[in-house]
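S.K.: Let me begin by handing over the structure; questions about it come next.
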Amino acid sequence: MCQAALRRLLTGTLALAPLFGAGAQSVGPAEPGWSLSVRWENDTFGGTDRFYTDGISLALFRIEPGWLRSWSDRHGRAADQVSVSFEAGQIMVTPADTRRAVPDPMDRPYAGLLYGAVSFHFQEGRAYHGLKLISGVVGPWSLAEDTQKWVHKRIGSGIPQGWGSQLHNEPILNLVYEHRRKYRLWTGPGEGALELLPMANLMLGNVLTQGQLGAQVRLGWRIPDDFGTTLMRGMVHLPPAPRRSSNGKRTGGWGAHLFGGISGNLVARNITLDGNTWKDSPSVHKEWWVPAAEVGAVWESSRCQLAFAYVFWGREFESQQDFSEFGALTFRWRF
């Protein structure tokens, strides 16, 4: 029953793909394999400890699973690479002043999320489609309070005092769909290149209901044939570039590039600001429009990728005094 439901979900969601345009002609399926990806986002990189303060995620990719390739071929998807990923993660947000035992009601509430997710990825020429289903819990069962206090004790930092007022336990269910495209703007000597990657993202559920539009530009040497980097507030992990042994150029060697991006988020619901769905809980008046920007760098070899981004996130609630900043590290290993 669950497998049939997932198939219907894939069919229904990817039926919208023509609205975004078709990708380039497929050059044949990629080699199968596995990939492990770890992402850590933390505001310590910006010298703060407030608002969105920490997010960590681990994902395992199965590249070219036979059942997903068969499904893709039967439904006429001209995919260069299909993959499925399984993910576990934790997110925590806090008010600006964590020394108060009774938090300021005008400040962001304490909240933690613990989740698992399954994602389906389709790379079709210069187009990417990602579909993700998230489930987990918000509240004390997320263990965010224990995690933050344990870390602060180990590093000798002040212990947050207001976790007793965090959001209540609530199961979470969220759906994410993301579409990306890729355009080569310039090809220089020595495998140098400049690329533009527009993207659109839609999230539906009791955690986040929002739409996002943005773009990323990357400039460097031997830019990988993938679709850039993303954030915890999105797909979190994207698959590696396809490898081919006969139907195209096989990924190899090493490369490096710089990137920058901007995006805008139209937010209808954010549980960490609006509070629990069915119970009274701390909440603040959110901003409906939240801009964001990022800059970063990527180094990649035939098996590994290391990326760092510095993110500027706009004001998310009306009484927030200024924007947020955090850093993001991603490590990916293909085997």
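S.K.: I'm checking a number: the convex hull volume of the Cα atoms of region 218-335, normalised per residue, in Å³. What is it?
M.R.: Expressed per residue, the convex hull around the Cα atoms of region 218-335 is 138 Å³.
S.K.: Where nothing but the Cβ of Lys and Arg (+1) and of Asp and Glu (-1) is charged, how large is the charge dipole of region 282-335 around its Cα centre, in debye to the nearest 20?
M.R.: Computed about the Cα centre, the dipole is about 420 debye.
S.K.: Now, a different point. Using only the alpha carbon atoms of region 129-202, find the Kirkwood hydrodynamic radius as the inverse mean reciprocal pair distance, in angstroms to one decimal.
M.R.: 16.7 Å is the Kirkwood radius here.
S.K.: Same structure, new question: Can you compute the radius of gyration and Dmax for region 121-249, using only the Cα atoms, both in Å?
M.R.: In Å, with Rg to one decimal and Dmax whole: 20.0, 59.
S.K.: Further question: At 222 nm, what value in deg cm²/dmol follows for the chain if DSSP H runs of at least 4 each add -39500 (n - 2.57) and the sum is divided by all its residues, to the nearest 500?
M.R.: Value at 222 nm, helices only: -3500 deg cm²/dmol.
S.K.: Going by C-beta contacts inside 10 Å, put HIS129, HIS179, HIS75, HIS168 in order with the fewest on the left.
M.R.: With the fewest neighbours first, HIS129, HIS179, HIS75, HIS168 line up as HIS75, HIS168, HIS179, HIS129.
S.K.: Nearest 10 degrees is fine. How inclined is helix 144-155 to the longest principal axis of the chain, computing both from alpha carbons?
M.R.: Here the helix axis deviates by roughly 90 degrees.
S.K.: Residue farthest toward the positive end of the dipole of region 133-204, with Cβ of Lys/Arg at +1 and Asp/Glu at -1: which of THR147, GLN166, ASN201?
M.R.: Towards the positive end, the residue furthest out is ASN201.
S.K.: Return the aspartates and glutamates within reach of LYS153: Cα separation strictly under 15 angstrom, same-chain partners fewer than 8 residues apart disregarded; answer none if there are no such residues.
M.R.: Candidates past the 8-residue exclusion: ASP49, GLU145.
S.K.: Give the shape of the chain as rounded, prolate or oblate, defined through the alpha-carbon gyration tensor: a ≥ b ≥ c are the square roots of its eigenvalues, a/c under 1.5 means rounded, and otherwise the shape is prolate if a/b is larger than b/c and oblate if not.
M.R.: Because a/c hits 1.5 or more and a/b exceeds b/c, the chain counts as prolate.
S.K.: Put +1 on the Cβ of each Lys and Arg and -1 on the Cβ of each Asp and Glu in region 49-101; which of ALA59, ALA96, VAL84 then has its Cα farthest toward the positive end of the dipole?
M.R.: The residue sitting farthest along the positive end of the dipole is ALA96.
S.K.: Quote the charge dipole size of region 29-178 about the Cα centre in Debye, to the nearest 20; the model charges only the Cβ of Lys and Arg (+1) and of Asp and Glu (-1).
M.R.: 140 debye
S.K.: May I pose another question? Leaving out same-chain residues fewer than 8 places away, which aspartates and glutamates sit with a Cα under 13 Å from that of LYS279?
M.R.: Correct list for LYS279: GLU170.
S.K.: Still on this structure: Which shape class, rounded, prolate or oblate, goes with region 184-242 when its Cα gyration tensor gives a ≥ b ≥ c as root eigenvalues, a/c under 1.5 marks rounded, and past that a/b bigger than b/c marks prolate? Walk me through the numbers before you get to the answer.
M.R.: Working: a/c = 4.11, a/b = 2.40, b/c = 1.71.
Since a/c reaches 1.5 and a/b is larger than b/c, the shape of region 184-242 is classed as prolate.
S.K.: Another one. Please give, to one decimal in nm, the separation of the simple spin-label points placed at LEU58 and ARG154, each 7 Å out from Cα toward the Cβ.
M.R.: So the label points at LEU58 and ARG154 sit 1.3 nm apart.
Here, each number is a calculation from the coordinates, and none is a lab measurement. What you are looking at is a predicted structure, and each value in this text was computed from that prediction instead of being measured. Every residue, glycine among them, receives a Cβ derived from its backbone with ideal geometry; neighbour counts consider all protein chains shown.
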